[in-house]
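Here is the structure we will look at.
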Amino acid sequence: MTVLFGIFLLTLLVITAVAIVHTRNLFVAVMLLGIFSLLIAINFFILDAADVALTEAAVGAGISTVLFLGALALTTERERLGTQHRWLSLVVVTSATLVLLYATFDKPLFGDPDAPVHQHVAPWYLEKTPEYIDIPNVVTAVLASFRGYDTLGEVFVVFTAGIGVMFLLSAHSGGPGRRKREASGIGLREHLIPRVVGRLLVPFILLFGLYVQFHGDFGPGGGFQAGALIAAAFILYALVEGEDRTLAALPQNALNALMVCGALLYGGVGLAGIVLGSSFLDYSVLSADPVAGQHLGIILIEAGVGMTVTGVLLSIFHAFAARDRI
Amino acid sequence: MYYAVTIALLVTMALALARALMGPTVYDRVLAVNMFGTKTVLLFSVIAFLSGRPDFLDLALAYALINFIGVLAVLEFFRSRAAKRVAEEGENSPRDGAAER
Amino acid sequence: MMEIVLNVLSWILLSAGGVFVLIGGIGALRMPNLYTRMHAASVTDTMGAALVLLGVMLQAGLTLASIKLGAILLFLLITSPTASYALASAALLAGIKPDAGRAADETRGP
């Protein structure tokens with residue numbers, strides 16, 4: 001039955017993808033991309049991949065839509081007509097597709113119990129996690145401890161993306177002083193109901209973000225999802241109260257500090273492993289008991305990830321919103 | 001018992017997608033995305049119980065909150081674009097600058 | 001005995017919720033105007049969500065999952081009507097008139 005649901009959702013996904021490519025109105029494409037992300041998140045959820053589904057729903061369908069709209073506000077809404085090399089690109093794409101399809105015939109069947117990943121890799125992680133790390137969520141164990149080096153790379157990629165966007169978007173002609181459109185109302189301030197409801201919800205979303213951050217050991221959650229949720233709470237505040245008050249609440253200096261300190265915390269935990277006599281990113285030496293050391297290490301690096309993701313997403317949002325002023 | 005509700009939710013999601021593809025105005029599409037979002041929250045809740053994993057309800061809660069933020073962001077985008085258009089037409093000479101945006 | 005009552009009640013609530021959700025979907029597709037579609041979508045959204053979540057809560061019993069479902073229901077009850085209000089007021093301020101005619105909304109757009 002799961003397979004039928006999966007096939008139905010994937011069919012909707014293909015229809016959405018074709019519509020996204022076909023439309024020339026970029027705003028419609030952004031809306032359809034939100035639906036696309038949701039369909040993928042539901043697919044992940046049906047396949048029991050809850051961590052990935054949460055990240056996809058939070059980042060893809062929520063934050064990405066806001067950032068795309070911010071970019072659209074700075075550029076035009078109609079896509080320019082394509083180039084003249086239509087036939088060449090069609091040939092390239094078709095041949096690449098055929099090669100990929102041919103390559104998939106060599107893969108093991110979906111859910112095949114004799115596939116190599118089910119014989120060697122997955123059973124090892126499932127057996128060794130209770131022994132070395134002892135947390136219920138194996139995905140967090142793999143992400144944060146067994147493959148901690150990869151996650152370090154991910155955090156630094158997010159950090160670099162944040163710096164890149166801030167470099168590109170901070171070069172604007174007018175400073176923050178020119179408030180030509182103050183009279184037209186910033187945010188949804190003139191609408192009372194969304195403003196009241198928005199202000200009511202912000203503390204709960206923040207609290208839920210913190211819950212997801214620290215509950216990542218026991219259920220779906222972790223640093224990336226929590227960072228996206230906390231950033232979403234501040235974005236909600238900025239939408240209903242205006243960007244100035246949001247910057248007064250959490251100024252750009254604090255966001256820079258969050259970004260930098262998150263990445264430094266992660267690197268610092270790694271270096272602490274070396275200082276205490278073991279290898280880089282080995283958390284077992286952080287405490288007397290190796291398992292307790294692993295727990296401490298995982299909490300610290302997840303905090304680092306959450307801080308960096310929050311700082312980067314909010315900085316990108318403010319960079320777009322500040323650019324929007326004349 | 002849960003299968004019937006799941007099928008109803010999936011069919012409604014397909015109908016919402018149809019409205020998002022068809023809708024003549026952009027507000028139709030925003031309506032469709034909002035509807036899709038709340039149906040996704042319900043689908044997460046029902047399937048979490050269907051597969052016997054009540055821990056996955058955190059996803060439904062997270063998405064219920066984020067859907068709201070997405071819809072408000074879209075509406076704010078329209079409001080600021082309309083305000084910008086009014087400001088531009090106010091300060092420019094009568095020139096057809098509306099096609100640029 | 002209690003089990004059977006709870007199961008039957010849960011089944012009724014889930015089915016009613018499914019019916020409301022389907023009606024909302026059909027309404028959003030077939031109604032002639034933006035505002036009528038909004039009415040169909042938002043009213044049935046909230047009602048269907050409440051029924052489905054109550055049905056699942058009855059199945060869950062008195063556990064942490066019920067509290068989470070209660071929280072989801074509470075947030076949906078607060079945010080879904082607000083989103084519909086914001087959408088309707090934005091559409092009205094953008095100039096889309098609530099005509100009931102079929103041709104009325106084909107010629108308009110922001």
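The values are calculated or read from the model by the stated rules, or taken from the named source; none is laboratory data. Computed from a predicted model, the values in this text were never measured in an experiment. So basically every Cβ, Gly included, is an ideal-geometry build from the backbone, and we count neighbours across all protein chains shown.
In the set B:LYS39, B:LYS84, which member is in a helix (DSSP H, G or I) and at pLDDT below 90? Outline the logic, then answer.
Details: B:LYS39 fails: at pLDDT below 90.
Matching residue, one of B:LYS39, B:LYS84: B:LYS84.
Just for region A:236-260: of the residues that are in contact with a Gly (Cβ under 8 Å, 6 or more places away or on another chain) and of a type outside the set (A, V, I, L, M), which one is surrounded by the most Cβ atoms within 10 Å (Cβ to Cβ)? Going through the qualifying residues, I end up with A:TYR237.
The set of residues from region A:97-145 being more than 28 Å from the chain's Cα centre (by Cα) and among the aliphatic types (A, V, I, L, M) comprises A:LEU98, A:VAL99, A:LEU101, A:ALA103, A:LEU109, A:ALA115. For beta carbons closer than 7 Å, sequence separation of 6+ or different chains, a first residue in region C:1-28 that is of a type outside the set (A, V, I, L, M) and a second that is outside any helix (DSSP H, G or I), the qualifying pairs are C:TRP11/B:MET1.
Tell me, please, whether a residue that is at negative phi, among the hydrophobic types (A, V, I, L, M, F, W, C) and at the interface with chain B (Cβ under 9 Å from one of its Cβ atoms) can be found in region A:73-89.
Scanning region A:73-89, I find at least one residue that is at negative phi, among the hydrophobic types (A, V, I, L, M, F, W, C) and at the interface with chain B (Cβ under 9 Å from one of its Cβ atoms), so the answer is yes.
Please tell me if B:LEU42 is more than 8 Å from chain A (Cβ to nearest Cβ), crowded, with 24+ Cβ neighbours inside 10 Å and not small (Gly, Ala, Ser). Answer is yes for this residue. Residues considered: A:ILE301, A:ILE316. Of these, the only one that is surrounded by 21 or more Cβ atoms within 10 Å (Cβ to Cβ), at pLDDT 85 or above and within 14 Å of chain B (Cβ to nearest Cβ) is A:ILE316.
Results for (1) outside any helix (DSSP H, G or I); (2) farther than 26 Å from B:ILE69 by Cα, shown as yes or no for each residue.
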residue	(1), (2)
C:GLU3	no, yes
C:TYR35	no, no
C:SER42	no, no
C:LEU53	no, no
C:LEU62	yes, yes
C:LEU69	no, no
C:LEU73	no, no
C:LEU77	no, no
C:SER84	no, no
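Answer yes or no as to whether B:VAL26 is more than 7 Å from chain A (Cβ to nearest Cβ), in contact (Cβ under 8 Å) with a residue 40 or more places away in the chain, among the hydrophobic types (A, V, I, L, M, F, W, C) and in contact with a Gly (Cβ under 9 Å, 6 or more places away or on another chain). No; evaluated as a whole, the condition is false for this residue. If the condition is being at the interface with another protein chain (Cβ under 7 Å from one of its Cβ atoms) and hydrophobic (A, V, I, L, M, F, W, C), then region B:1-12 contributes B:MET1, B:ALA4, B:VAL5, B:ALA8, B:LEU9, B:LEU10, B:VAL11. On the basis of being over 25 Å from B:ALA73 (Cα atoms) and crowded, with 21+ Cβ neighbours inside 10 Å, does C:GLY55 make the cut? Spelling it out, C:GLY55 is indeed over 25 Å from B:ALA73 (Cα atoms) and crowded, with 21+ Cβ neighbours inside 10 Å. Screening region A:12-49 for residues that are farther than 24 Å from A:ALA228 by Cα and in a loop (DSSP other than H, G, I, E, B) and picking the one that is nearest to the other protein chains (Cβ to nearest Cβ) gives A:THR23.
Determine, yes or no, whether A:LEU9 is crowded, with 19+ Cβ neighbours inside 10 Å, aliphatic (A, V, I, L, M), touching a helix residue (DSSP H, G or I) at 6+ places or on another chain (Cβ under 8 Å) and in a helix (DSSP H, G or I). Spelling it out, A:LEU9 is indeed crowded, with 19+ Cβ neighbours inside 10 Å, aliphatic (A, V, I, L, M), touching a helix residue (DSSP H, G or I) at 6+ places or on another chain (Cβ under 8 Å) and in a helix (DSSP H, G or I). When the residues of region A:50-79 are filtered to those that are among the polar types (S, T, N, Q), part of a helix (DSSP H, G or I) and without any contact (Cβ under 8 Å) to a residue 60 or more places away in the chain, the one that is surrounded by the fewest Cβ atoms within 10 Å (Cβ to Cβ) is A:SER64. Being crowded, with 19+ Cβ neighbours inside 10 Å, at the interface with chain B (Cβ under 8 Å from one of its Cβ atoms), among the hydrophobic types (A, V, I, L, M, F, W, C) and in contact with a Pro (Cβ under 8 Å, 6 or more places away or on another chain): is that true of C:ALA86 here? When the stated conditions are applied, C:ALA86 passes them.
Is it the case that B:ARG19 is more than 7 Å from chain C (Cβ to nearest Cβ) and of a type in the set (Lys, Arg)?
Working: more than 7 Å from chain C (Cβ to nearest Cβ): no; of a type in the set (Lys, Arg): yes.
For B:ARG19, the condition - more than 7 Å from chain C (Cβ to nearest Cβ) and of a type in the set (Lys, Arg) - is not met.
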